[in-house]
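The values are calculated or read from the model by the stated rules, or taken from the named source; none is laboratory data. Everything numeric here is computed off the predicted structure, so don't read it as measured data. A quick note on method: Cβ atoms are made from the backbone with ideal geometry, for glycine too, and the neighbour counts reach across all protein chains shown. In case anyone asks, the SASA skips ligands and DNA or RNA and just uses the protein heavy atoms, side chains included. Shrake-Rupley method; radii C 1.70, N 1.55, O 1.52, S 1.80 Å.
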Amino acid sequence: FASRGFMIPEENWFLNLPYVGNIASASAFSMIEELMYSGKLKKGQKVLVMIPESARFSYCYCMLTVI
């Protein structure tokens, strides 16, 4: 990301893998729900969701806007 000028500061990353574990395809939904109720989001913020598939060989991305 840094080589493309798209660096995201580490404090802006959100993950729950250390205490939820690998829940495969449900992980994105689990993290989005947890983030929604965390109090960290503000109206108008953008949330980039990166979802790895099958041992990180392919990825899916989506951009969400907090309303």
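Which residue is modelled with the lowest pLDDT, if the candidates are limited to region 18-39 and must be open to solvent by 100 Å² or more (accessible area, probe 1.4 Å) and either outside any helix (DSSP H, G or I) or of a type in the set (A, V, I, L, M, F, W, C) (or both)?
Asn22
Check region 40-52 and report whether any residue there is surrounded by 13 or more Cβ atoms within 10 Å (Cβ to Cβ), at pLDDT below 85 and in contact with a strand residue (DSSP E or B) (Cβ under 9 Å, 6 or more places away or on another chain).
Yes, because at least one residue in region 40-52 is surrounded by 13 or more Cβ atoms within 10 Å (Cβ to Cβ), at pLDDT below 85 and in contact with a strand residue (DSSP E or B) (Cβ under 9 Å, 6 or more places away or on another chain).
Across region 1-52, what is the total count of residues that are at positive phi and in contact (Cβ under 8 Å) with a residue 24 or more places away in the chain?
0
Taking Leu15 as meeting all but one of (1) assigned to a helix (DSSP H, G or I); (2) under 20 Å from Ser58 (Cα atoms), write down the number of the exception.
For Leu15, the failing item is (1).
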